[in-house]
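Notes follow once the structure below has been shown.
Values in this text are rule-based calculations from the coordinates and carry no lab data. Note that this is a predicted model, so its numbers are computed, not measured. Glycine gets a Cβ as well: all are built from the backbone with ideal geometry, and neighbour counts include every protein chain shown.
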Amino acid sequence: MTIKKFQGATEEEAIEQAKQELGEDAVVMNVKEIRPKGILRTFKKSLYEVTAAVEEKDNRADAGMALRNAQKTHETINVTADEPIQIPPVAAPAMDPAKAEQNAIEFIKRNANLLKKDEVVERERIEEKLENLQSILEKQMAAEKKKEKEEDNFIKSDSKKNDNFAFVKMLYATLIDNEVDEKYINQIMDEIEKANWNGNSIDHILSNIYQKMILKFGQPHGIDLTGVKPKVVFFVGPTGVGKTTTLAKIASRLKVDQGKKIAFLTADTYRIAAAEQLRIYANILDTSLSIIYSAEELNHGMEQLEEVDVVLVDTAGFSHKSQTLKEDVKNLIQSLDARYSRETYLVLSATTKYNDLKEIADIYKEISDYKIIFTKLDETTTYGNILNIKLYSNAEVSYITNGQNVPDDIEIFNSQKIVKRLLGGS
């Protein structure tokens, strides 16, 4: 028996190929659809594979056919001759009729046994072929099932990988829309890829990215009131970012919520309305306000405030391009007597362009180490710059504000809330 496989664009085409090669007697044993593989499998069509078989022809001569052929040959022999041929008669030996009958019966039995034996041999030969064919078919079917299972597993795995890739791509686009610097997005995605996101669920990938981003923000803290009193807190930053309002919000929280004794100092003598605005807050909170015009006056003013817990110092806002004002603020902060504990907060607007924020962060780094307060979150829909500046400056983000109301619109930075928004949540 001959068994072969044929492939075609359709089942009919494959069967036609089998019959052309094996003949019309070919028997179709199995038809299988071969699905395309790879990234472009969507654009490819399936092939059909047909397994066909044909019985091999028996080379042994048919005895009946041979006899008929012999008779036909004799019939075609011309026995005519020029001279008559005489065949002398041969005397046949006389045979007893009973013996002749017995011989005939034995001949019939003998030939019957031979025929029966031939039938048994032929049947055994056919059964052997059928058993071999069954064994071959079972092996082929087992191999096909194994291959199909492997293909299904591959397709499922490939499908899962494609789904995960699509999800990661969507997160990437969401972070871009939130104006996160692509450099930091790639860092996060590289870290996730090392965790083998191809083999994990979408929930696992999202959870991993969420946790990575929260870790990058770190643990925020408010003003540290431990150590020597009074604690001196400087508020620095560009013009118009809301330093004075932010200072008043924090002062209100410290006095009203925590019961701390506070005092105000202002070195912003460049804006006429700045001191008046701070004086209004001082009157509301029933606290003192002093104006200082030079670095030398800072320590003198501090001597009058030995009994308070926190002194909040408002500084002049200036363009990061102004070298003169930069030096004034630097001298003010660095002139503080070493016996006082100090913290500096750089106040930045969430609406400022990233390139400007980087330049501001660099300029104020020359003045003092600082923590960051982001203001005006209510005036923007993108929060990527918060993460950008955190990673760029490596400074702690401590507070955020989202409105002008004093003291309500301020809170300790909540990294979980911001990360959810960065990832497209609410």
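Some notes on this structure:
- Cα gyration tensor category, rounded, prolate or oblate, for segment 230-277 with a/c compared to 1.5: prolate
- Three principal axis extents of segment 372-411 based on alpha-carbon atoms, in descending order, are 30, 20, 9 Å.
- Sparse packing (at most 13 other Cβ atoms within 10 Å of the Cβ) combined with a DSSP loop state is found for the following GluC sites (Glu not before Pro) in segment 334-426: E366.
- Remark: spin-label model distance I176-T351 equals 2.7 nm, labels positioned 7 Å along the Cα→Cβ axis.
- Globularity index of segment 290-375, i.e. its alpha-carbon radius of gyration over 2.2 N^0.38 Å: 1.17
- Global dimensions of segment 292-331 from alpha-carbon coordinates: Rg and Dmax equal 12.4, 38 Å.
- DSSP-assigned coil residues among GluC sites (Glu not before Pro) in segment 283-315, each with at most 13 further Cβ atoms within 10 Å: E306, E307
- Quotient of C-alpha Rg and 2.2 N^0.38 Å, computed over segment 232-335: 1.02
- Rg and Dmax [Cα atoms of segment 247-301; Å; Rg one decimal, Dmax integer]: 11.7, 33
- Note, ³J(HN,Hα) from phi for segment 246-251, Karplus 6.51, -1.76, 1.60, rounded to Hz, x at Gly and Pro: 5, 4, 5, 4, 5, 4
- Evaluated at q = 0.11, 0.18, 0.23 Å⁻¹: base-10 log I(q)/I(0), Debye formula over Cα of segment 185-290: -0.57, -0.88, -1.27
- Take each peptide in 249-262, 274-287, count the other Cβ atoms within 10 Å of every residue, and average; sorted highest first, the result is 249-262, 274-287.
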